[in-house]
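Below: the structure, in structure tokens.
The values are calculated or read from the model by the stated rules, or taken from the named source; none is laboratory data. Since this is a predicted model, take the numbers as computed values, not measurements. Quick reminder, even Gly has a Cβ in these numbers, built from the backbone with ideal geometry, and neighbours come from all protein chains shown. Ligands, DNA and RNA are stripped out before the accessible areas are found, and what is left, the full protein with its side chains, is counted by its heavy atoms. Shrake-Rupley method; radii C 1.70, N 1.55, O 1.52, S 1.80 Å.
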Amino acid sequence: MSGESATPGPTLFQQQDANRHRTTLLVVCFVLFFAWLGFGGDYIYYLATLHNLPYETHHTFPWFGILLTVVAAWIAWYGYSTGPEKVLWSTGAHEITDPATDQEKQLVNVVEEMAIAAGIPRPRIWIVDDPAPNAFATGTDPQHAHIAVTQGLLDLMSRDELQGVVAHELGHIKNFDVRLMTTLAALVGVVLLIRDGTGRFFWGGRSGGRSRGKGEGDLGALVVVLLVIWILSWILAPIITQMLAMAVSRKREYLADAMSAQFTRNPTALANALQKIETSDAPATHLKAGAAHLCICDPLDRKLNDHPGTLGDVMASHPPIEMRIIRLKGMGYAQAKAEGHLPPDTPRA
Amino acid sequence: MGSWILLILVVVVVLWAISAYNGLISLKNQTTNAFKQIDVQLKRRHDLIPNLVNAVKGAMDFEKSTLEAVVQARNQAVQVNAAAGPDAMKQISQAENALSGALSKLMVVVERYPDLKATGNVGQLQEELTSTENRISFARQLYNDTATQYNTKQQQFPASLMAGLANAAAAQLWEIDDQADKAVPQVDLSTKPKA
């Protein structure tokens, strides 16, 4: 993962581009792997039955790949249509429709400002009664988006820092990240489901085939090799798909950080906010695992996210906070340099 | 065979031309819309100021001149906005900058009197003013970013070939007095992959 190492040089727009390209690449890998799991199996079966006698089975219709795709599409659709409400309900968030306190008014103002900066409609605003500072966004498109922040975040952050965090979440909304991650989660889910389901079916099916007296020698060497690779792929599929999904998730976090820098033109504020979140030790009580990948920082405080260069690099939903801060500070430095004044920490009124 | 290759070539070129044309039109409309957003926010500011000034008039009796300067600058800005055509960006921008100056002076005054800040109304005034100023500057920022993207797109080869057909003309950027806000970020639209 040397490509992820922080270089304080590039501007926020260059970082955005780089992260978009990497996401595209990862999603292409994901789709290809998924297609191999489904249609690859059909192709192997097609090869294996190619030289069968006319009255024997010929596998010509790729029902397995189509089944896999349909089930994945169904799970993804289910995720879209129930996801946002479920997440908000599970966190016990309450919506701010009529801001009463100064704190709530400020939050509404900040969200409205950032919606203007992002050029998207104002999302619905929710507060979670949780002392741990955190925030998340949900909703499948900018027209039906929600942003939720915890009470702890409101209490801890300055106006500028709150702006940075809100801008990060609006970055997710503008990039359709919730839709992307819901789709990837559906694909991971269907892989798990089908592996568990068809594992039994498959072994049963194969022994049935043997009893029909089909000799192993009939299969070409190519088919055997492909079959072995394919079965191995299925065994490793849950890990591989999960790794790819998490890699995409981390890229989207960096991208949302860079979007936040674009909207606020004040990356240092978000860096400070992340620092505060990192050092706060209030436990998250309301943000469950279901919403973890949506949050600005992993609320479960899994040690995976804290150690660059270890297993955390491949299985964490968020990049290490240290790396994010370094990149944001790099953007702040590049910005200050472009404007011809240093140091970079000049907060915007 | 040769005619097939020619046909494919023509189809590819036509498809590219359509997508380049549509891309330019889409950016043009986004730019227009972003410009309208600045108007919306300026109007909001003009509507808000009289209310805010009324709300704090009593508490700020001793700083009458500052408040009056704000009201005056606001009325001036409203006049310029009403009178000026769509091309008079410079005039509008000057009047609005004068208003921004008067407002920031008011903010400094509020900062100078901690007792004043503690009064409920004035604390709210401060938040509303901050938010209003932010909204305007963020609306301008979005406009400038979008306009820069549009300008870059219509100048870059090969999209520049379609610029005439799409009636694309360089959009004027909003000028900002504040030194810190002056730098327009460099938007890199090239699609070359980065390491």
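What the table shows:
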| item | result |
| --- | --- |
| J(HN,Hα) series, region A:243-252, from Karplus relation 6.51 cos²θ - 1.76 cosθ + 1.60, nearest Hz, glycine and proline x | 4, 5, 4, 5, 4, 4, 4, 5, 4, 5 |
| Threshold 10 Å², region A:124-173 residues less accessible with all protein chains present than alone (1.4 Å probe) | A:R159, A:Q163 |
| Inter-chain shielding of A:104-116 (mean C-beta neighbours from other protein chains, 10 Å cut-off) | 4 |
| Buried area at the B-A interface (accessible, heavy atoms, 1.4 Å probe, summed, Å²) | 2300 |
| Sorted peptide list for B:160-173, A:37-50, criterion being average Cβ within 10 angstrom, highest first | A:37-50, B:160-173 |
| Amide H partners (placed H, <5 Å) of A:S280, local residues excluded | none |
| Filter on B:K36/B:K90; A:K337/B:K105; A:K174/B:K36; B:K43/B:K105; B:K64/B:K105 - keep pairs with C-alpha separation over 23 Å | A:K337/B:K105 |
| Protection proxy ranking, peptides A:227-238, B:144-155, average beta carbon neighbours within 10 Å, highest first | B:144-155, A:227-238 |
| Mean Cβ neighbour count within 10 Å, used as a protection proxy, ranking B:7-18, A:125-136, B:70-81 highest first | A:125-136, B:70-81, B:7-18 |
| Peptide-level mean, for B:139-152, of C-beta atoms on other protein chains within 10 Å | 2 |
| Backbone N within region A:38-57 under 20 Å of label point (7 Å from A:V228 Cα along the Cβ vector) | A:40-49 |
| Other-chain or far-sequence residues with amide H under 5 Å of A:A132's (modelled H) | A:G152, A:T285 |
| Heavy-atom surface of region A:34-160, accessible at 1.4 Å and reported per residue (Å²) | 46 |
| Whole-Hz ³J(HN,Hα) from phi, Karplus 6.51 cos²θ - 1.76 cosθ + 1.60, for region B:122-137, glycine and proline x | 6, x, 5, 4, 4, 4, 5, 5, 4, 5, 4, 4, 4, 4, 5, 5 |
| Inter-probe distance in nm under a simple model that places probes 7 Å from Cα toward Cβ, at A:R179 and B:R44 | 2.6 |
| Shielding score for A:117-123, defined as the mean number of other chain Cβ atoms within 10 Å | 3 |
| J(HN,Hα) series, region B:98-109, from Karplus relation 6.51 cos²θ - 1.76 cosθ + 1.60, nearest Hz, glycine and proline x | 4, 5, 4, x, 4, 5, 5, 4, 4, 4, 4, 4 |
| Calculated FRET efficiency for the pair A:H144/A:R195, C-beta based, R₀ 35 Å, to 0.05 | 0.60 |
| Pairwise FRET efficiency - A:D155 versus B:V11, Cβ, R0 = 56 Å, nearest 0.05 | 0.40 |
